[in-house]
1. Where the second residue is surrounded by 22 or more Cβ atoms within 10 Å (Cβ to Cβ) and among the aromatic types (Phe, Trp, Tyr) and the first is within 8 Å of chain A (Cβ to nearest Cβ) and lies in segment B:158-169, which pairs have Cβ atoms under 8 Å and are six or more apart or on separate chains?
2. Looking at this structure, is B:GLU147 within 11 Å of another protein chain (Cβ to nearest Cβ), in a helix (DSSP H, G or I) and not hydrophobic (A, V, I, L, M, F, W, C)?
3. Would you tally the residues in segment B:13-34 being surrounded by 13 or more Cβ atoms within 10 Å (Cβ to Cβ) and without any contact (Cβ under 8 Å) to a residue 40 or more places away in the chain?
4. Do the conditions hold for B:GLN22, that is, is it closer than 18 Å to A:VAL52 by Cα, in a helix (DSSP H, G or I), modelled with pLDDT of 90 or more and in contact with a helix residue (DSSP H, G or I) (Cβ under 6 Å, 6 or more places away or on another chain)?
5. Could we say that B:LEU111 is of a type in the set (A, V, I, L, M) and either surrounded by 18 or more Cβ atoms within 10 Å (Cβ to Cβ) or more than 8 Å from every other protein chain (Cβ to nearest Cβ) (or both) here?
6. Is one or more of the residues making up segment B:91-100 in the same structural domain as B:MET136 (by TED's automatic domain parsing) and among the hydroxyl-bearing types (Ser, Thr, Tyr)?
7. Can you tell me how many residues in segment A:33-60 are among the small types (Gly, Ala, Ser), touching a helix residue (DSSP H, G or I) at 6+ places or on another chain (Cβ under 8 Å) and free of Cβ contacts under 8 Å to residues at least 24 places away in the same chain?
8. Kindly indicate whether any position in segment B:133-149 is over 17 Å from the mean Cα position of the chain (by Cα) and surrounded by fewer than 19 Cβ atoms within 10 Å (Cβ to Cβ).
Amino acid sequence: MLTCKEAARLASQGLDRKLGLGEAFALRLHLAICSGCASVAKQMEFLRRAIVRLDARDDQS
Amino acid sequence: MADFRAQVERERAYLLRFAQRQLRDRDAAEDAVQEALLAALGAESSFGGRSNLRTWLTGILKHKIVDQVRRAAREAPLASDADGEEFDALFDARGHWRETPAAWADPDRALQEQQFFVKLEECLAKLPAKAARTFMMREHLGCETDEICKELGVTPTHCWVLIYRARMALRECLQANWFGKRC
């Protein structure tokens, strides 16, 4: 069972590399039962969208 | 030709903002843009109007920015950021959150708000230099981690730690300065 600390790191790495099957499964399991980590994982994906939009916003100006 | 030059010049301000987000240094950003514009003017025939000019220029600029980052990493290596203890402080000894992170209600709505991006830029400016550089290469330039590791001369593991720290610091900063205030 992953700790929250491990899950948060794996959630971040999952955006930068392909997780191994075991890692991906352990992470999914953890996120399914831990609302704090699930929030953080979503927020990391949101940050990615937000950074891309920084430049798109310049387009309008 | 004169027309092409004028079109390229019109993109300068946009390109400068783009470069500055990554390099966090006005002079370095201007150098990268200057190099990109020179390269672009010499390569008009390869553009041939087949794609969006801004997209094409941004592609050239990305290479020039990576060159700058590489040069900077070689000539003036950044001191390591303060140790990651502050993020470990988010967890107790058993690896549980000391304070459970809050969910953000409909975060994508923030992307419609000008003021949100002002806060985001402020939060980015507060990141430690190394974490910021690595994170922005990943999310802003869209580099793969092995490329980032190579240019910065760090191991993949360290690279992932730096990006992780940047993400955690940004979410904390946005929680404190945006989402925590609205929900």
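1. Short answer, once both residue conditions are applied: B:ILE163/B:PHE135; B:ARG167/B:PHE135.
2. Numbers: within 11 Å of another protein chain (Cβ to nearest Cβ): no; in a helix (DSSP H, G or I): yes; not hydrophobic (A, V, I, L, M, F, W, C): yes.
Judged against the criteria, B:GLU147 is not a match.
3. Within segment B:13-34, the first condition is being surrounded by 13 or more Cβ atoms within 10 Å (Cβ to Cβ), and the residues that meet it are B:14-25, B:28-34.
Cutting the leftovers down to without any contact (Cβ under 8 Å) to a residue 40 or more places away in the chain gives us B:16-17, B:20, B:25, B:29-34.
Looking only at that region, the number is 10.
4. Details: closer than 18 Å to A:VAL52 by Cα: yes; in a helix (DSSP H, G or I): yes; modelled with pLDDT of 90 or more: yes; in contact with a helix residue (DSSP H, G or I) (Cβ under 6 Å, 6 or more places away or on another chain): yes.
Judged against the criteria, B:GLN22 is a match.
5. No; evaluated as a whole, the condition is false for this residue.
6. At the first step, the residues of segment B:91-100 found to be in the same structural domain as B:MET136 (by TED's automatic domain parsing) are B:91-100.
If we keep only those that are among the hydroxyl-bearing types (Ser, Thr, Tyr) as well, we get B:100.
Within segment B:91-100, one or more residues are in the same structural domain as B:MET136 (by TED's automatic domain parsing) and among the hydroxyl-bearing types (Ser, Thr, Tyr).
7. Here is the first cut: in segment A:33-60, the ones among the small types (Gly, Ala, Ser) are A:35-36, A:38-39, A:41, A:50, A:56.
Adding the requirement that they be touching a helix residue (DSSP H, G or I) at 6+ places or on another chain (Cβ under 8 Å) leaves A:36, A:38, A:41, A:50.
With free of Cβ contacts under 8 Å to residues at least 24 places away in the same chain added as a condition, the list becomes A:38, A:50.
Of the residues in segment A:33-60, 2 are among the small types (Gly, Ala, Ser), touching a helix residue (DSSP H, G or I) at 6+ places or on another chain (Cβ under 8 Å) and free of Cβ contacts under 8 Å to residues at least 24 places away in the same chain.
8. We begin by selecting, within segment B:133-149, every residue over 17 Å from the mean Cα position of the chain (by Cα); these are none.
The answer is no, given that none of the residues of segment B:133-149 is over 17 Å from the mean Cα position of the chain (by Cα) and surrounded by fewer than 19 Cβ atoms within 10 Å (Cβ to Cβ).
The values are calculated or read from the model by the stated rules, or taken from the named source; none is laboratory data. Because the structure is a prediction, the values reported are computed rather than measured. So basically every Cβ, Gly included, is an ideal-geometry build from the backbone, and we count neighbours across all protein chains shown.
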